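Notes for the one structure printed next.
Every number here is computed from the coordinates shown, using simple stated rules; none is lab data. A quick note: this is a predicted structure, and the numbers were derived from the prediction, not measured. Because the Cβ atoms are built from the backbone with ideal geometry, glycine has one as well, and the counts that use them run over all protein chains shown.
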Amino acid sequence: MKILGVRFGHDSAAALIIDGKIVADVAEERFSRIKNDASFPIRAIEYCLKAGRISSEELDVLAIPTKTFQREFAVFFDIPEENFSPYKENIKSKLKKIIGKIERLPILPLYLKPFKLSKHCKVELVEHHLAHVASAAYTSGIDIKEKVLGVTMDGRGDDTSVALWRIQNNTIENIIRFDGSGSMGWFYANSTEAMGWRHGSEEWKVMGLAPYGTLQPRLLKGFYPEYKDGKLVKPHEFGEYGRWHDHGSNHYHGKDSEAMSKIFASVKPEDFAAEVQRVSEEQAFEIILPWLKKENTRHLVCAGGFFMNVKFNQNLWYKGLLDTQWIYPNPGDAGLAVGASLYVYYQNYPTKQHKQLDNLYFGPEYSNDEIKKILDDRAIEYKYIEEIEKETAKYLSKNFVVGWFQGRMEAGPRALGNRSILMSPLDSCNKDRINAKVKYREKFRPFCPSIADESYEEYLVSPRDELFMVSSFEAKEGMRERIPAVIHEDNTARPQRVKSDINPRYYNLITEFGKITGESILLNTSFNIKGEPIVCNPREAIKCFYDTGLDILVLGNYLIRKSNIEKI
């Protein structure tokens, strides 16, 4: 069964599922180079079909993660009317009107052809939050007979901001949901805007600054909804949101941010951030913990942009109430394409046991031959190295900054060792150096450790198996002295456990570094600069290399040094 999921909106993306397996998953921003691109994901769709080696006419289902049919799908897809299920007459009627308008006024130029669908291909609409929870439920690997609580939280999608779900035997049943008046995502976004940062894109800056601050109880009272015992006891009227569409990307404005910005100006920035984080955790616990008790389960799966909050995820884990805490590692709206597709698949195969997702390497890859041609065309001096991990580890041990480009690009917001900027975590100055001279971002923002499998528990207090950097954990005593560049202000680290059978080249690099230094761990951050998407192809990696303070660039088996870097 071949299913194409297409998310159109903030963080547009496409994903291809074949017989229940994720074959490709990529956000449009990686091709357009526009952060949070909200354009129709034409290039992402083209890539997914290419990766699956199929044409659009071979698809069995087009899965769309919204309950409202968007006219753009009738523009960019050639959809036969009979593709819609018989009971969706309202969609058929709308489709007829849309197609009629398109025929009267053609939109696409001749050189851009719509994707053709065969008459057997069904078009399925999957409600926004249902797609979110499906992305987590069907990648968790939890035995389908177990009773699981699902939680989805974001700004708002299809009139829902928070929803709780009962999951068992591959069936997902909604328990309760709250509309926009219960949105903790919007509260966090408004706080972000009040601090002068971008709503829906830069919330992690607030989270990163929070540990430096002192709590200010009641500072933000009246700007957020209040929950008690799993119920919304005090809704908050957020009002209408402004939207500015800029070069393919949306910028949002919430009216609360104006009043909140005055409060922000009256206190230290770090204290404001600390209170935003405290309120968010307090209210999220009031949502989730009572329902865990009511559902009598120790298995939790989560998705939605709120669960990008790694500190909340950590504190929830340390409550000791869970045997399973699975957060879909691409929890924002770019993950909806996978969620909608998996939901459709398991509706057709309700008795199939799903496996736990162990990697996100679903994007484009480039062979050594392709890389060599790009380098030769640009007359860039390079060296081919067979044992590239050993050679790169030497440069890392000498405290050089390395751009590391390997294999298939990661889906989701994190670099997981294929499109990464790497450095030694042993020098406390390295965090400031990368922020200032490579990433060009705020000094307080932390970096993550990638840790070799066997050494994982050596560094962290009671961590769960974390492959995707979606949760932080407390660092063990003495870690701030041993690996200071990856320990945050609150003595936490957001790790990636790297296993040899999942990413052998990256695992080998880390272990080679460990042989030299005694620490099988690297500082890892995404291969990009502030405000840009992670690099996708070698040309973008080269551009980033020469436009930043990177010392070494490794593309496949090719190593490039800046002219001032001596050969090791």
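The figures follow:
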| quantity | calculated |
| --- | --- |
| Two-decimal Rg/Rh across the stretch 133-338, once Rg and the Kirkwood Rh are taken from alpha-carbon atoms | 0.96 |
| Neighbour-count ranking [beta-carbon atoms within 10 angstrom, fewest first] of Lys398, Lys515, Lys431 | Lys515, Lys398, Lys431 |
| Isotropically averaged projected area of the stretch 206-256, using the convex hull of Cα atoms (one quarter of hull area), nm² | 5.9 nm² |
| Calculated Rg and Dmax of the chain using C-alpha coordinates, Å | 23.5, 70 |
| Given charges at beta-carbon only (K, R positive; D, E negative), |dipole| of the chain in Debye | 660 debye |
| Restricting the stretch 266-339 to trypsin sites (Lys or Arg not before Pro) in coil, as DSSP defines it, with at most 16 other Cβ within 10 Å | Arg298, Lys319 |
| Around Phe312: net Lys/Arg minus Asp/Glu count, Cβ-Cβ under 14 Å | -2 |
| Calculated Rg and Dmax of the stretch 152-192 using C-alpha coordinates, Å | 11.9, 39 |
| Taking N as its residue count, the alpha carbon Rg of the stretch 1-88 over 2.2 N^0.38 Å | 1.06 |
| Neighbour-limited loop hits for trypsin sites (Lys or Arg not before Pro), the stretch 366-397 (at most 14 other Cβ within 10 Å; DSSP other than H, G, I, E, B) | Arg378 |
| Space enclosed by the convex hull of the alpha-carbon atoms of the stretch 368-561, per residue, Å³ | 107 Å³ |
| Efficiency of FRET between Glu489 and Glu72 - r from beta-carbon atoms, R0 30 angstrom, step 0.05 | 0.10 |
| The stretch 451-489-the stretch 285-341 distance, computed between alpha-carbon centres (Å) | 20 Å |
| Evaluated over the stretch 143-220, the Cα radius of gyration and Dmax, each in Å | 16.3, 47 |
| Anchor Lys515: aspartates and glutamates whose Cα lies under 13 Å away (excluding residues fewer than 8 positions away in-chain) | Glu389, Glu391 |
| Cross-link table Lys394/Lys431; Lys35/Lys431; Lys147/Lys355, entries beyond 22 Å C-alpha to C-alpha | Lys35/Lys431 |
| Too-long pairs where the Cα-Cα distance tops 30 Å, listed order kept, from Lys205/Lys255; Lys113/Lys530; Lys50/Lys122; Lys255/Lys530; Lys319/Lys390 | Lys113/Lys530; Lys319/Lys390 |
| For Ala493, net neighbour charge (Lys/Arg +1, Asp/Glu -1) across residues whose Cβ lies under 11 Å away | 0 |
| Helix runs (DSSP H) in the chain reaching 30 Å along axis by Cα, Kyte-Doolittle at least -0.5 | 269-295 |
| Computed Kirkwood radius, in angstrom, where 1/r is averaged over Cα pairs of the stretch 339-405 | 16.6 Å |
| Given 10 as the ceiling on other Cβ atoms within 10 Å, longest exposed-site-free region of the chain for chymotrypsin sites (Phe, Trp or Tyr not before Pro) in DSSP loops | 112-568 |
